[in-house]
Amino acid sequence: MSTYAMLIDYEYCTGCKSCEVACKQEYHRPAGRAGGVEVQEFIHRLPNDQLFITYIPTFTRACVFCAGRVKQGMAPACVKHCMANILTFGKLEDLQQQLPEKRKAILWTKG
Amino acid sequence: MSRKDGVTIIKTTTWSPGPGCHGGCGVLVHVKDNKVIKVEGDPDHPWNQGRLCSRCLSMTQYMYHPDRLKTPLKRVGKKGEGKFVPISWDEAFDLIEEKMKKIRKDHGPESVIFHQGTGRDIGGWISMLAYAYGSPNWMFGLSGISCYTPRLMMMSITQGDFAVVDASQWHEKRYDDPEYKIPETVTIWGQNLPATCPDGFFGHWYVDLMKRGTQLLVIDPRCTWIASRAKLWLQLRPGTDAALALGFIHVILKENLWDQSFVEKWTNAPFLVMEKAAGPALLRESHLRSGGSDENFVVHDAASGDFVVWDSKDQSYEQPDTTPSLTGAFSLTLADGSSATVKTVWTRYQENAADYTPEKVSEITWVPADKIIQGARMYAKSAPSALHWGLPIDTIPSTIPTSQAINHLWCMTGNLDIPGGNAIARYACDVVTYPYHAGGAILSLPDEVAKKRIGMNDYGPIKDFRAWAQPDKVLEQIFSGDPYEIKGMWIQTANPIACTGMEPGKWRDAIKKLDFTVCVDLFMTPTAMLCDVILPAASFLEKDSLKAWWVPLQAIKKTVDVAECKSDIEINLELSKRFMKDFPYESVHDLFDSLLASAGMTYKDLQEKTWIMPPDGHPSKPYSRHEKGLLRPDGKPGFRTPSGKVELYSSWLEKWELAPMPYHEEPPYSPVSTPDLFKKYPLILCTGRRMGPFFHSEHRQIPWLREQQKEPVLEIHPDTAEKLGINNGEKVCVENWLGKITVTALTTPIIHPDVVMAEHGWWFPEKEGAEPSLFGVWDVNVNQLIPMSNEGKGGLGAPIKSMLCRVYKAKG
Ligand code: SF4
Ligand code: SF4
Ligand code: SF4
């Protein structure tokens, strides 16, 4: 059986939080609680003194990888609406082939 | 499309009200039992290609919010006391008709102001109502009309048209269209793009471009996410953008990085300028010969040494084979027998730019000289190179020379209307709901009324460019009654008390002083609270409309009804019929059909297609339209300017007695202009920090959006905060000679230590609405620290993002 996974090409994540709201809309989740994904902000000051802002969407225990949507052949709600198109959902072995070559990325598995 | 589970999916497109932004995205609306249950992005729409931001994803919470205004309301208590009773639409229309007709009879139609907010789906409909009523005083209330209008005006007089970055938005296939080129560099000048979708643009297009290899040059006082991704980030002092642009121009000229063939052929660089005691003036045919036209200009022919007339009407030189000298100084005898010294525009231009050395510009802007040089090279050497500018170019009193200098950058480097450069943007298929230039689209006004528009006699650009009244002058006139009394205000898509009004206390007093005020909105706001009648407007999913700026031309379709809400268009149509005898349109669809005539279609056709792109060869589709004769009404090659050239030396500015070439002007309140004030208020106060979940003053009551940010913050550098004994998350007072607010400190290294950044548009829908609270607006509205009546020369621009303040820890 294949494992599903989420590829997060976070170099381009802008922290816009569409993913968060897309998940909340899909599952009618309340405000004030985490949904399936929460975006975190990091403001790094790099060794060369350059400021670098990184956002990383973190998938929570509440994420169901949009099983119902996926079964119907649709992309998960967060993937579909991600404003920067940085989320790819699929089978782990397929996503391993799609890792970006020149930048860091995260592969989030269901396990 | 209807599904088995009883859900119908409707394909439509966005514009306010609802998401608030300037819209454009394609959406799929899921409707069940006349209720919207979900909104998704439309993957087939070229604009957003399936994506959506959090505001559209929250539409169900917006539409069915318990606080939505659901019926018309009439004030029964004192103004601002918060006592209203529901009335029917008939009663509301009757009441408004009666009150406003009485004002018209007693004081004239010009004594009612029609007040709109930002350029949402309103301009056409509110101007229609104002003109049906007979008032020329249609207004956007931001001091100095400091939002996009200054940039539009400057582009219009410089290059005859507006231009925006070409992110392939004119092509259905977008980035893959064979005609399109990915910009080598995009310069982002003063905008936090991913957090905004400004001016008919989709912020994340830049992320698409970055992925395709575009490099970024970002000019911003803050290190935003996009600045942190830039190849080069220039951290400039707020309000000094003109100096930086002139520094770029200096380097570009010095290092010969300009596009000689474009400058020679398509700009007025070879035109001659006289040196006169009263100042310089463009040499016109009328100076040269008696009986000559003052619309024609003069060049020096390098081959023959003759002075040759450029015929603006024919778009040609009087002598064939003229090779105009680009540089030089000459002497000649004028028609009146006097002799004159003349120089070419280009020579004067070089002299003007010579002053702005990187060292001098560095002193003004705080940007290191080597970085100025690097930036200029990066911009000018890239091909294609596109430049995106933001609101800070408008929100300074020196907006005219600032936008002029930046506009020149893409002209002199040959990046105008080329693929991947700055493409000329026109209304798709020439469908105009309201024109930017003075004059009406749906209705126009008779001359004698049009002449009463407030501010048009004070400022050339207000008179000749935009049909709006000048807001600073309007506010003054409400109190002075000079030259005539103002008695009423119709407020629609606007919240001056919380958002657009500088010195909002004055706007409160102004609204309360008037005899009759109406507010059309979707929620009760601090502004609506002060009005006599409140009308509940429909969101974009509850109305039919259309959008044509810039592309595509698209339909907005009604999907459901919510309570008794009506669209802004229906409301204004009904009242227009009541105010004007023989009003020419019966239904909104009649109105849309007439506007769509230039696209050769009806509203029904457009609804069926949802959106269309202008066809190839249409004037509203790029590229190189100046070469093809697609820009000028006479069909000749060239631009829609008085001379037909890109006017680097502006004949319009000359006419308005403003400096015809760009220059730096210090912000009116700054360490340089007001050193004494600066001692007392030692931090530069920048405002308008953009927040992704909110559009200006909206969305504070939407749970999925408000949870993203609960309270207004002030960004302050950690070093500055430490000196002031302020910790992250503490309440701080921000204060200057005009007022004080209390907000939460957000210490962050992304801001310059000498600058603090505040947010605008805050109020608290959950707090007490009645006066004096007005939803807590006075605690947090930063506009209380910004003056009215400091508009720039020309009536445009205001010091909104470069004030002074001090910050200290709040007590208790
Ligand atoms: S995959 Fe589905 S459930 Fe998981 S975060 Fe995304 S939208 Fe939510
Ligand atoms: S929607 Fe995409 S870009 Fe936006 S925060 Fe989520 S992952 Fe990042
Ligand atoms: S930019 Fe965002 S809010 Fe605006 S129309 Fe698109 S999805 Fe909606």
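The values are calculated or read from the model by the stated rules, or taken from the named source; none is laboratory data. The structure presented is a predicted model; accordingly, all values stated were derived computationally and were not measured. Using ideal geometry, Cβ is built from the backbone for each residue, glycine included, and neighbour counts are taken over all protein chains shown. Calculation scope for accessible area: heavy atoms of the full protein, side chains included, ligands and nucleic acids excluded. Shrake-Rupley method; radii C 1.70, N 1.55, O 1.52, S 1.80 Å.
The conditions are (1) hydrophobic (A, V, I, L, M, F, W, C); (2) in a loop (DSSP other than H, G, I, E, B); (3) under 25 Å from residue B:799 (Cβ atoms), and residue B:778 fails exactly one of them. Which is it?
All conditions are met except number (2).
Before we move on, is residue B:285 surrounded by 19 or more Cβ atoms within 10 Å (Cβ to Cβ) and closer than 21 Å to residue B:652 by Cβ? Give the derivation first.
Working: surrounded by 19 or more Cβ atoms within 10 Å (Cβ to Cβ): yes; closer than 21 Å to residue B:652 by Cβ: yes.
It is true that residue B:285 is surrounded by 19 or more Cβ atoms within 10 Å (Cβ to Cβ) and closer than 21 Å to residue B:652 by Cβ.
List every residue pair whose Cβ atoms sit under 6 Å apart, with the two residues 6 or more apart in sequence or on different chains, where the first one lies in the stretch B:686-715 and is within 14 Å of chain A (Cβ to nearest Cβ) and the second, anywhere, is outside any loop (DSSP other than H, G, I, E, B) and among the basic types (Lys, Arg).
B:700/B:706; B:704/A:24
Just checking, how many residues over the stretch B:501-510 are open to solvent by less than 10 Å² (accessible area, probe 1.4 Å), in a helix (DSSP H, G or I) and in contact (Cβ under 8 Å) with a residue 40 or more places away in the chain? Full working, then the answer.
Taking the stretch B:501-510 and keeping what is open to solvent by less than 10 Å² (accessible area, probe 1.4 Å), we get B:501-502, B:504, B:507, B:510.
Remaining after also requiring in a helix (DSSP H, G or I): B:504, B:507, B:510.
Still in the list and also in contact (Cβ under 8 Å) with a residue 40 or more places away in the chain: B:504, B:507.
Selection size over the stretch B:501-510: 2.
Taking residue A:107 and the conditions (1) within 16 Å of ligand 2 (Cβ to nearest atom); (2) surrounded by 14 or more Cβ atoms within 10 Å (Cβ to Cβ); (3) within 14 Å of chain B (Cβ to nearest Cβ), which numbered condition does it fall short on, given that it satisfies the others?
So residue A:107 meets the others, but not (3).
For the stretch B:220-245: of the residues being open to solvent by less than 10 Å² (accessible area, probe 1.4 Å) and touching a His at 6+ places or on another chain (Cβ under 6 Å), which is farthest from residue B:799 (Cα to Cα)?
Among those that are open to solvent by less than 10 Å² (accessible area, probe 1.4 Å) and touching a His at 6+ places or on another chain (Cβ under 6 Å), it is B:243.
Of the conditions (1) out of contact with any strand residue (DSSP E or B) (no Cβ under 9 Å at 6 or more places or on another chain); (2) over 19 Å from residue B:18 (Cβ atoms); (3) open to solvent by less than 10 Å² (accessible area, probe 1.4 Å), residue B:514 fails just one. Which one is it?
Condition not satisfied by residue B:514: (1).
Could you go through the stretch B:96-116 and let me know if any residue there is open to solvent by less than 30 Å² (accessible area, probe 1.4 Å) and at pLDDT below 95.
No, the stretch B:96-116 contains no residue that is open to solvent by less than 30 Å² (accessible area, probe 1.4 Å) and at pLDDT below 95.
Being out of contact with any Leu (no Cβ under 6 Å at 6 or more places or on another chain), aliphatic (A, V, I, L, M) and under 18 Å from residue A:72 (Cβ atoms) is the filter here, so list the residues in the stretch B:1-38 that pass it.
Scanning the stretch B:1-38 gives B:1, B:7, B:28, B:37.
Please find, within the stretch A:44-95, the residue that is surrounded by the most Cβ atoms within 10 Å (Cβ to Cβ) out of those that are of a type in the set (Lys, Arg) and facing chain B (nearest Cβ under 9 Å).
Within the stretch A:44-95, the subset of a type in the set (Lys, Arg) is A:45, A:61, A:69, A:71, A:80, A:91.
Now restrict to residues that are facing chain B (nearest Cβ under 9 Å): A:45, A:80.
Working: A:45: 10, A:80: 23.
Taking the candidates together, the pick is A:80.
How many residues does the stretch B:756-808 contain that are among the charged types (D, E, K, R), closer than 30 Å to residue B:68 by Cα and touching a Ser or Thr at 6+ places or on another chain (Cβ under 9 Å)?
Keep residues of the stretch B:756-808 that are among the charged types (D, E, K, R), which gives B:759, B:766-768, B:771, B:779, B:791, B:793, B:801, B:806.
Subsequent filtering for residues that are closer than 30 Å to residue B:68 by Cα retains B:759, B:766-768, B:771, B:779.
Retained after the next criterion (residues that are touching a Ser or Thr at 6+ places or on another chain (Cβ under 9 Å)): B:759, B:767, B:779.
Of the residues in the stretch B:756-808, 3 are among the charged types (D, E, K, R), closer than 30 Å to residue B:68 by Cα and touching a Ser or Thr at 6+ places or on another chain (Cβ under 9 Å).
Sort out which residues of the stretch B:567-598 are part of a loop (DSSP other than H, G, I, E, B) and surrounded by 20 or more Cβ atoms within 10 Å (Cβ to Cβ), and write them in order of number.
B:567
Name the residue that is nearest to the other protein chains (Cβ to nearest Cβ), counting only residues in the stretch B:191-219 that are within 20 Å of the chain's Cα centre (by Cα) and open to solvent by 10 Å² or more (accessible area, probe 1.4 Å).
The qualifying residue nearest to the other protein chains (Cβ to nearest Cβ) is B:194.
For the stretch B:1-29, how many residues meet the condition of being within 16 Å of ligand 3 (Cβ to nearest atom) and open to solvent by 30 Å² or more (accessible area, probe 1.4 Å)?
Taking the stretch B:1-29 as the starting set, the residues that turn out to be within 16 Å of ligand 3 (Cβ to nearest atom) are B:10-29.
Restricting the remaining residues to those that are open to solvent by 30 Å² or more (accessible area, probe 1.4 Å) gives B:10-11, B:28.
Qualifying residue count for the region: 3.
Identify the single condition in (1) within 22 Å of residue B:161 (Cβ to Cβ); (2) assigned to a loop (DSSP other than H, G, I, E, B) that residue B:429 does not satisfy, given that it satisfies every other one.
Failing condition for residue B:429: (2).
Taking the stretch A:30-59, which residues are within 14 Å of ligand 1 (Cβ to nearest atom) and touching a helix residue (DSSP H, G or I) at 6+ places or on another chain (Cβ under 7 Å)?
Passing the criteria: A:35, A:36, A:37, A:38, A:39, A:56, A:57.
Within the stretch B:30-47, does at least one residue satisfy the condition of being farther than 16 Å from residue B:10 by Cα, at pLDDT 95 or above and either more than 10 Å from ligand 3 (Cβ to nearest atom) or in contact with a strand residue (DSSP E or B) (Cβ under 8 Å, 6 or more places away or on another chain) (or both)? Working first, answer last.
As a first pass, look at the stretch B:30-47 and keep what is farther than 16 Å from residue B:10 by Cα: B:46-47.
When the remaining residues are screened for being at pLDDT 95 or above, the result is B:46-47.
Right, trim to either more than 10 Å from ligand 3 (Cβ to nearest atom) or in contact with a strand residue (DSSP E or B) (Cβ under 8 Å, 6 or more places away or on another chain) (or both) and you get B:46-47.
Yes: the stretch B:30-47 contains one or more residues that are farther than 16 Å from residue B:10 by Cα, at pLDDT 95 or above and either more than 10 Å from ligand 3 (Cβ to nearest atom) or in contact with a strand residue (DSSP E or B) (Cβ under 8 Å, 6 or more places away or on another chain) (or both).
Exactly one condition in (1) in a strand (DSSP E or B); (2) open to solvent by less than 20 Å² (accessible area, probe 1.4 Å) is false for residue B:806; which is it?
It fails just one condition, (2).
Of the conditions (1) away from chain A (no Cβ under 14 Å); (2) crowded, with 23+ Cβ neighbours inside 10 Å; (3) modelled with pLDDT of 95 or more, residue B:73 fails just one. Which one is it?
(2) is the only condition that residue B:73 fails.
Could you tell me which of the residues B:228, B:261 is among the polar types (S, T, N, Q) and within 11 Å of chain A (Cβ to nearest Cβ)? Break it down stepwise before answering.
On the way: B:261 fails: within 11 Å of chain A (Cβ to nearest Cβ).
Answer to the selection: B:228.
Which members of the stretch A:1-34 meet the condition of being small (Gly, Ala, Ser), away from ligand 2 (no atom under 11 Å from the Cβ) and within 9 Å of another protein chain (Cβ to nearest Cβ)? Outline the logic, then answer.
Taking the stretch A:1-34 and keeping what is small (Gly, Ala, Ser), we get A:2, A:5, A:15, A:18, A:22, A:31-32, A:34.
With away from ligand 2 (no atom under 11 Å from the Cβ) added as a condition, the list becomes A:2, A:5, A:31-32, A:34.
Matches in the stretch A:1-34: A:31, A:32.
Would you check if there is a residue in the stretch A:1-8 being open to solvent by 40 Å² or more (accessible area, probe 1.4 Å), touching a residue at least 12 places away in the same chain (Cβ under 8 Å) and among the hydroxyl-bearing types (Ser, Thr, Tyr)?
From the stretch A:1-8, those open to solvent by 40 Å² or more (accessible area, probe 1.4 Å) are A:1, A:3-4; that's our starting set.
Retained after the next criterion (residues that are touching a residue at least 12 places away in the same chain (Cβ under 8 Å)): A:3-4.
Those still in the list that are among the hydroxyl-bearing types (Ser, Thr, Tyr) too: A:3-4.
Within the stretch A:1-8, one or more residues are open to solvent by 40 Å² or more (accessible area, probe 1.4 Å), touching a residue at least 12 places away in the same chain (Cβ under 8 Å) and among the hydroxyl-bearing types (Ser, Thr, Tyr).
What's the number of the condition residue B:564 fails, among (1) in contact with a Ser or Thr (Cβ under 6 Å, 6 or more places away or on another chain); (2) in a helix (DSSP H, G or I)?
(2)
If we only count strands (runs of 3 or more DSSP E) wholly inside the stretch A:24-111, which ones have 1 or more residues that are more than 16 Å from ligand 3 (Cβ to nearest atom) and among the hydroxyl-bearing types (Ser, Thr, Tyr)?
Numbers: elements: A:37-45, A:51-59, A:87-91, A:106-109.
Fully inside the stretch A:24-111 and qualifying: A:51-59, A:87-91, A:106-109.
Hey, which of the helices (runs of 4 or more DSSP H) in the stretch B:274-368, taking only ones fully inside, have at least 3 residues that are within 30 Å of residue B:634 (Cβ to Cβ) and at pLDDT 95 or above? Spell out the reasoning first.
On the way: elements: B:285-288, B:345-354, B:358-365.
Hits in the stretch B:274-368: B:285-288, B:345-354.
Of all residues in the stretch B:33-70 being within 16 Å of ligand 2 (Cβ to nearest atom) and open to solvent by 50 Å² or more (accessible area, probe 1.4 Å), which is farthest from residue B:561 (Cα to Cα)? Break it down into steps so the answer makes sense when it comes.
Quick first cut of the stretch B:33-70, residues within 16 Å of ligand 2 (Cβ to nearest atom) only: B:39-41, B:43, B:48-58.
Filter once more, so that each one left must be open to solvent by 50 Å² or more (accessible area, probe 1.4 Å): B:43, B:49.
On the way: B:43: 26, B:49: 27 Å.
Looking at the filtered set, the residue picked out is B:49.
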